[in-house]
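Some notes on the structure that comes next.
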Amino acid sequence: MDPLKALADAERKPYWLDEDPFEPEPLPRIFGHTQADLAIVGGGFSGLWTALLAKERDPGRDVVLLEGQRVGWAATGRNGGFCHASLTHGLANGLERWPYEIADLHRLGVENFNAIEETIARYGIDCSFERTGELNVATEEWQLDEMSEVHTIGRELGADIEYLDRDQVRAEVNSPTYIAGVWERGDCAMIDPARLAWGLRLACLRLGVRIYEHSPIKHIVKDGTALRLTAPYGTVRANRVALGTGAFSPLLRRLRHYLAPVYDYALMTEPLTTEQLASIGWKNRQGMGDSANQFHYYRLTDDNSILWGGYDAIYYNGGRVKIGYDQRDATFLTLAEHFYETFPQLEDVRFSHKWGGLIDTCSRFSAFYGTGYGSRLAYAVGYTGLGVAATRFGANVMLDLLDGLDTERTRLRMVREKPVPFPPEPIRSGVIQLTRWSLARADANGGRRNLWLRTLDRFGLGFDS
Ligand SMILES: Cc1cc2nc3c(=O)[nH]c(=O)nc-3n(C[C@H](O)[C@H](O)[C@H](O)COP(=O)(O)OP(=O)(O)OC[C@H]3O[C@@H](n4cnc5c(N)ncnc54)[C@H](O)[C@@H]3O)c2cc1C
């Protein structure tokens, strides 16, 4: 089908947030003054996990969560729903940056992932958690080396991981573009992210967390031994503050050096018929990803629609963030074209939704952590497109730091080290656009990396989504 026609009637909204019967009623905004032991800014996965774990650790702790819009409306409610155990944006990235720590990072990631599954069951959260694993496919010869390396290291770390040759991978999911694959069977689940966020929100409310929506915090100042947070119609005085503000302008100025807001986009198809699904196989319903620098991720939903996202990661010069930027027709068209190239059998399938969302990219592609205001405030940001599960680990790190605890988590180099900062604007825009252009050229040239990318590699820097 002509991709333009296939996209013509698609709703311009995130599928997960569109008229879902599970969507809860809005909560009030903050009016007047209140006090709390812990104030959390941001109602995405980061803030929600922090609130839940804070109450689980100490039910007597008075916890307030302040969300600028609606809980789960941002990246949390519009992502691919890959709940992956990795804390390091994948094994290859973790191995490159923390080779001596990767075994611990892998174990901690799996423990965190298992705890998410257990929490979902314990609170009865209906978010279609399906432990399908993730199947990464190679579509070009040059991608095979890294794929073999990930497979070997994964096995050494004890992961349930399998290398599939061309016939085996196509027997799992049938695309003429696949030449091999690595299936991480155990440590990744597909979820409905909005329903997980709403479920966590309800669990927090039941444990006594006070949640205020439409309550953007404008600034934070010291107030004696505590901190004061100011929203348009109210203030909170809190002994401790946790920031889970994702890609949005951080309330701690110094974090701006490390974060770049990047838009990532996705499409949803209409539900596949039984025959259409049979034409591509996919009986094991794995999350899928391909292996170019500009990669796609895709998965099935409950009703056998396909979410198809990634490829373009757009940085608007100057780090601009605007509501309208979550729609980009040129990217939707590219994504639709790639969808039909991957699955020519599905040429009759149309798209029902098209949307984008903001990712908090940093130069090491995985979250960084720290404190401010004399350790009264903690932050965990920079998840760069793999934060569905890792935000729970980040929440635990923030609570460890705020409680002054010396734990295995806080001793990790990954937790103690910061990423290399991005240069200031306008150089930052130039550097990011040059890197994006170079990555696209590498994909087009058999993976060959130009001088610019090789220089960045030498310093462990890069750009990813
Ligand atoms: C299209 C897309 C696909 C993705 N796919 C995946 C995937 O498949 N798997 C995966 O692991 N990750 C994925 N991600 C990334 C993942 O969604 C994020 O890492 C994760 O949701 C981050 O959660 P968060 O709470 O840190 O940030 P967010 O969800 O962005 O939440 C931050 C919240 O803070 C609020 N806020 C900000 N500033 C203030 C303030 N001053 N006052 C009050 N509130 C404030 C915002 O309104 C927002 O609700 C994807 C992201 C996108 C955009």
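Only strands (runs of 3 or more DSSP E) wholly contained in the stretch 27-94 count here; list those with 1 or more residues that are in contact (Cβ under 8 Å) with a residue 12 or more places away in the chain, more than 7 Å from the ligand (Cβ to nearest atom) and within 22 Å of THR245 (Cβ to Cβ). Steps first, please.
Details: elements: 32-41, 63-66, 82-84.
Where strands (runs of 3 or more DSSP E) fall fully within the stretch 27-94 and carry at least 1 residues being in contact (Cβ under 8 Å) with a residue 12 or more places away in the chain, more than 7 Å from the ligand (Cβ to nearest atom) and within 22 Å of THR245 (Cβ to Cβ), they are 32-41, 63-66.
Which of the residues that make up the stretch 399-457 are open to solvent by less than 60 Å² (accessible area, probe 1.4 Å), within 18 Å of GLY318 (Cβ to Cβ) and without any contact (Cβ under 8 Å) to a residue 24 or more places away in the chain?
PRO423, GLY430, VAL431
Just give me the residues in the stretch 210-242 being in contact with a Leu (Cβ under 6 Å, 6 or more places away or on another chain) and under 23 Å from GLY77 (Cβ atoms), in sequence order.
If the condition is that a residue be in contact with a Leu (Cβ under 6 Å, 6 or more places away or on another chain) and under 23 Å from GLY77 (Cβ atoms), then ILE211, TYR212, GLU213, SER215, ILE217 are the ones that fit.
Among (1) open to solvent by 10 Å² or more (accessible area, probe 1.4 Å); (2) in contact (Cβ under 8 Å) with a residue 12 or more places away in the chain, which single condition is GLU19 missing?
Failed condition: (2).
For residues that are among the β-branched types (Val, Ile, Thr) and touching a Pro at 6+ places or on another chain (Cβ under 8 Å), scanning just the stretch 379-395, find the one that is farthest from the ligand (Cβ to nearest atom).
So the residue we want is VAL381.
Do we find a residue being modelled with pLDDT of 95 or more, of a type outside the set (D, E, K, R), touching a helix residue (DSSP H, G or I) at 6+ places or on another chain (Cβ under 6 Å) and surrounded by fewer than 24 Cβ atoms within 10 Å (Cβ to Cβ) anywhere in the stretch 69-76?
Going residue by residue through the stretch 69-76, those that are modelled with pLDDT of 95 or more are 69-76.
With the extra rule that they be of a type outside the set (D, E, K, R), the set shrinks to 69, 71-76.
Applying the additional criterion that residues be touching a helix residue (DSSP H, G or I) at 6+ places or on another chain (Cβ under 6 Å) yields 71-72, 76.
Still in the list and also surrounded by fewer than 24 Cβ atoms within 10 Å (Cβ to Cβ): none.
No: zero hits.
Residue by residue, here is whether (1) assigned by the TED database to the domain that holds HIS296; (2) open to solvent by less than 20 Å² (accessible area, probe 1.4 Å); (3) among the β-branched types (Val, Ile, Thr) holds:
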site	(1), (2), (3)
ALA8	yes, no, no
GLN35	no, no, no
LEU65	no, yes, no
GLY80	no, yes, no
CYS83	no, yes, no
LEU95	no, no, no
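If you check ILE153 against the conditions, is it within 25 Å of the chain's Cα centre (by Cα) and open to solvent by less than 40 Å² (accessible area, probe 1.4 Å)? Give the steps one after another, and end with the answer.
Details: within 25 Å of the chain's Cα centre (by Cα): yes; open to solvent by less than 40 Å² (accessible area, probe 1.4 Å): yes.
Yes: the conditions hold for ILE153.
Only one of (1) closer than 27 Å to ARG12 by Cβ; (2) open to solvent by less than 10 Å² (accessible area, probe 1.4 Å) fails for LEU229. Which number is that?
(1)
Looking at the stretch 322-402, what strands (runs of 3 or more DSSP E) fall wholly within it and have at least 2 residues that are farther than 30 Å from THR225 by Cβ and out of contact with any Ser or Thr (no Cβ under 9 Å at 6 or more places or on another chain)?
Output list reads 351-361.
Identify, from the list GLU162, GLU172, the residue that is farther than 30 Å from GLY124 by Cβ, crowded, with 19+ Cβ neighbours inside 10 Å and assigned by the TED database to the domain that holds LYS283.
Details: GLU162 fails: crowded, with 19+ Cβ neighbours inside 10 Å.
Sole residue among the options that is farther than 30 Å from GLY124 by Cβ, crowded, with 19+ Cβ neighbours inside 10 Å and assigned by the TED database to the domain that holds LYS283: GLU172.
The values are calculated or read from the model by the stated rules, or taken from the named source; none is laboratory data. Remember, predicted model here, so these are calculated numbers, not experimental data. No Cβ is skipped: glycine too gets one built from the backbone with ideal geometry, and neighbour counts run over all protein chains shown. The area values use the complete protein model at the heavy-atom level, side chains included, leaving out ligands, DNA and RNA. Shrake-Rupley method; radii C 1.70, N 1.55, O 1.52, S 1.80 Å.
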